[in-house]
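In what follows, a structure is listed as structure tokens, so that the remarks can point back to it.
Only the coordinates and a few stated rules stand behind these numbers; no lab work does. Note that the structure is predicted; figures quoted are calculated from it, not measured. Note that each Cβ is placed from the backbone with ideal geometry, even for glycine, and that neighbours are counted across all protein chains shown.
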Amino acid sequence: MRTYAGHSSAKASNELFRKNLEKGQTGLSVAFDLPTQTGYDPDHVLARGEVGKVGVPISHIGDMRTLLDQIPQDRMNTSMTINATAPWLLALYVAVAEEQGIDTKALSGTTQNDVVKEYLSRGTYIFPPAASLRLTSDVITYTVREIPKWNPINICSYHLQEAGATPTQELAYALLTAIAVLDTVRDSGGISKAEMDEVVGRISFFVNAGIRFVDELCKMRAFLVLWDKLALERYGVTNAEHRRFRYGVQVNSLGLTEQQPENNIIRIVIEMLAVTLSKDARARGAIAGVE
């Protein structure tokens, strides 16, 4: 259990993390503010009014040291919801661990690192697509070799449906994103065939569960089948464990309403039911940012 959190400053966020860990939280899920997500320092004119508003501002290793002060990184599973600047934030996280004498192979967690969905649905990209994909690829290559328990990318089809995609379009674009990323890694020349199997095995997805019950149920079943087929036929992954469809699901936000909020309860139940009734699937409940 971990709370998706981060606010105002690295010091305040560290205090919140430690308080939550004392109460039984077992991992970290770090939210970064928009200037950090888009690569701006807090004192930049374009960051004005946004610093610390939707997450914690992290600009340099000193901020990361403060954020992780007295937190045992080798015993944490840390999710970092960061995309365009994921290589830098992961580098800072690793550097602080190394300062504490922690072997990087003991680290576990996830960097969202899905810059394609930033172009399609959110807009917090920094560099052109080809350069962005290269950075994504570099993070994946590095973690496969140096941080074996790290999930280097969480492909976010969730945001696509929030931006207006149908369940079918969400599925299609998510698989196309996976192909774009994996082809970039494969064609980089820096990864062997054996390592490519590991790369495919480390891909995970963040999926939307909307109110269209039958569509959503069928979407999840199709995801499982198509991902297995893609891994086997396009990337030659013969190890069935590495072809496993690894994902988390969150209910659709657009289907919820501020008016008559009690209606949201049954809507969420319907959305989760579509996931749980799909083949070999499970649903994760999320209330007020608690995963």
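Potential lengthening of the chain between LYS279 and GLU241 amounts to 12.0 nm, from the contour at 0.36 nm per residue minus the alpha-carbon distance.
Here the Karplus relation 6.51 cos²θ - 1.76 cosθ + 1.60, evaluated at θ = phi - 60°, turns the backbone of region 161-169 into coupling constants of 5, 5, 8, x, 6, 7, x, 5, 5 Hz, with x for every Gly and Pro.
Sequence-ordered 3J(HN,Hα) estimates for region 173-179 from the Karplus curve with 6.51, -1.76 and 1.60 and θ = phi - 60° stand at 5, 5, 5, 5, 4, 4, 5 Hz, glycine and proline given as x. Does region 190-281 come out rounded, prolate or oblate, given a ≥ b ≥ c as the square roots of the eigenvalues of its C-alpha gyration tensor, rounded meaning a/c under 1.5 and, failing that, prolate meaning a/b above b/c? Verdict is prolate for region 190-281. Here's how it looks for SER204: its modeled amide H is under 5 Å from those of ILE153, ILE155, which are all 5 or more places away or on a different chain.
Modelled spin labels at ILE126 and LEU16, positioned 7 Å past Cα toward Cβ, are 2.3 nm from each other.
In the chain, helices alone account for a calculated mean residue ellipticity at 222 nm of -14000 deg cm²/dmol, with every DSSP H run of four or more residues adding -39,500 (n - 2.57). Note on region 114-226: with charges restricted to the Cβ of Lys and Arg (+1) and Asp and Glu (-1), its dipole about the Cα centre is near 100 debye. With a/c under 1.5 counting as rounded, go ahead and sort region 143-190 into rounded, prolate or oblate using the C-alpha gyration tensor (a ≥ b ≥ c being the square roots of the eigenvalues; past the cut-off, prolate if a/b is larger than b/c, else oblate). Cα axes put region 143-190 in the oblate bin. If only the Cβ of Lys and Arg carry +1 and only the Cβ of Asp and Glu carry -1, the dipole of the chain around its Cα centre is close to 580 debye. Look at the dipole of region 87-169 built from charges on Cβ: of ILE155, GLY109, ALA91, the Cα furthest out on the positive end belongs to ILE155. Computed from the Cβ-Cβ distance with R0 of 35 Å, the FRET efficiency linking ARG134 to GLN100 stands at 0.70. Under 28 Å of direct C-alpha separation, and excluding same-chain neighbours fewer than eight residues apart, LYS219 reaches these lysines: LYS117, LYS229, LYS279.
The amide H of ASN77, built 1.01 Å from its N in the peptide plane, has LEU28 as neighbours under 5 Å, considering only residues 5 or more places off or on other chains. Put a plus charge on the Cβ of each Lys and Arg, a minus charge on the Cβ of each Asp and Glu, and nothing anywhere else: the dipole of region 149-291 about its Cα centre is then about 340 debye. If amide H atoms are built 1.01 Å from N in the plane of the peptide, which residues on other chains or at least 5 residues away come under 5 Å of the amide H of ARG244? Result for ARG244 returns nothing. Sticking with the crude label model, points 7 Å out along Cα→Cβ, report the distance from LEU226 to LEU176 in nm, one decimal please. Once both label points are built, they end up 1.1 nm from each other. Here the chain carries DSSP beta bridges of which approximately 10% are antiparallel, counting only pairs with both residues inside.
Computed from phi, the 3J(HN,Hα) profile of region 102-114 under the Karplus parametrisation 6.51, -1.76, 1.60 (θ = phi - 60°) reads 8, 5, 4, 5, 8, 6, 9, x, 9, 10, 4, 6, 9 Hz, with x in place of Gly and Pro.
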